[in-house]
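Working notes, structure below.
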Amino acid sequence: MRMKKYIAPTMQDAMKRIRSELGNEAVILNSKVIHTGGFLGLFMKKKIEVIAALDPDVPAPSSKKKEPSKAQVEKKQKEQPVKPKEIDQNVAKELQELKGMVQSISSAEQSKFYPEGLQKINELFIQKDISQSLRGEILSSLLVNYYEAVHNRSEEVLLQKAKDILLEKISPLEFGGITYEKKYINVVGPTGVGKTTTLAKLAAECILQKEKTVAFITTDTFRIAAIDQLKTYAKILDAPIEVCYTVEDFRAAKVNLAAYDYIFIDTAGRNFLNSEYVNDLKEIVDFNHEIETYLVLAATAKLPDMLKIFEQFSVININKLIITKLDETSSLGSLLSLMLDTKKGIAYTTHGQNVPDDIKAASKDQLLDEILEL
């Protein structure tokens, strides 16, 4: 892609230069008013800065040139031909400059000059609640791909390239369900996200698929309904349950349930806002070596709220996230920023209240397909 920046007194002057150098098929990527010259901020002149580009499939304008002199011909013959490697480096440098220019322009400005194919992708990203910064970053990369070849311009190809970019970004994160490497499975999170139901689903999966014995511990004594709900699930699954009001109760429950393969712990979110409680609990259970901890968040929540909740619970080691209520929203783009900001992958997603159904282990591909609707 051939690209150039022009600075001229007026837009008409800039257009004359663009047509002269790039031809009538040139695309205006961006234009803005700038001020140059002057002294101490005074007497500055207003000019127009225009970024223009020419599609590589469109030939540059031809113009009649004077016949070169004999000396010029001889000089040209002496010049060494450009090596293919140098050409590749020049193209790569030009594409990198294009990406840098696009990223330096605000998202609001970018949306004005995206080609039609990318406009549709941008609109989809907005609908999916993908953050402005992440949207701009992806689209700037897609813009380079867009001009590399004609076949890169279909919506299907662009969406797949967007997925590839996102896959690379989240590739360092861990996804998938319980590893079953640790005896205790701890579920934390704010009220109303479906912790208790999610815990029951995980325990049911452990019994039915892994054929293991399980037991429950609940510390969510602030809500009587939560205890009753978990007791109901425990009865259905034929699993014992210990209700713990204090750290001493938790110590006793750990001893009483030692014979079971796995212990599933339901917690009260407010307990983990109490540093004294957390410190006491750390003396009983090694959060790094004995427990897998999952933070449960609702897909319907706003990104700033989810990040704040994560910060509150980060006093303990959080292994992965569990995202509930996927069936209650069609905008999942905020999950991308959530993962990238917290550097945590997603273990499970849930999409209903049925136990043990309506839960599935998350994978990078499956999650991105749901977010982008591929």
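Each reported figure results from applying straightforward, stated rules to the coordinates on display, with no laboratory input. Here the structure is a predicted model, which is why all the values come from computation and not from measurement. Reconstructed Cβ throughout: ideal geometry from the backbone, glycine too, with neighbour counts over all protein chains shown.
What net charge do the residues around Lys128 carry, taking every other residue with its C-beta under 14 Å from that of Lys128, with Lys and Arg at +1 and Asp and Glu at -1?
Counting the neighbours of Lys128, the net charge comes to -2.
Could you tell me how far the Cα centroid of segment 170-184 sits from the Cα centroid of segment 246-267, in Å?
22 Å
Would you mind getting me the FRET efficiency between Asp369 and Thr10? Use the beta-carbon distance for r and R0 = 56 Å, nearest 0.05.
The computed FRET efficiency comes out at 0.70.
Using only C-alpha atoms and all pairs of different ones, pull out the Kirkwood radius for segment 155-241 in Å with one decimal.
For segment 155-241, inverting the mean 1/r across all distinct Cα pairs yields 15.7 Å.
For segment 304-354, take the alpha-carbon Rg, divide it by the Kirkwood Rh, and send me Rg/Rh.
Rg/Rh for segment 304-354 comes to 0.97.
For Asn256 and Asp327, what is the calculated FRET efficiency with R₀ set at 41 Å and r taken between the beta-carbons, to the nearest 0.05?
Plugging the Cβ-Cβ distance into 1/(1 + (r/R0)^6) gives 0.65.
Can you give me the Rg/Rh ratio for segment 163-202, using Cα atoms for both radii and the Kirkwood formula for Rh?
With Rg and the Kirkwood Rh in hand, the quotient comes to 1.11.
Once the Cα atoms of segment 279-374 are picked out, what are the Rg and Dmax in Å?
According to the Cα coordinates of segment 279-374, Rg and Dmax are 14.2, 47 Å.
Would you mind computing Rg(Cα) / (2.2 N^0.38 Å) for segment 207-266, counting N as its residues? List each step's numbers first, then the result.
Values: Rg = 11.4 Å, N = 60, 2.2 N^0.38 = 10.4 Å.
My calculation over the Cα atoms of segment 207-266 gives 1.10.
How far apart, in nm, are two points set 7 Å out from the Cα along the Cα-to-Cβ line at Gln312 and at Tyr180?
In this crude spin-label approximation the distance works out to 3.4 nm.
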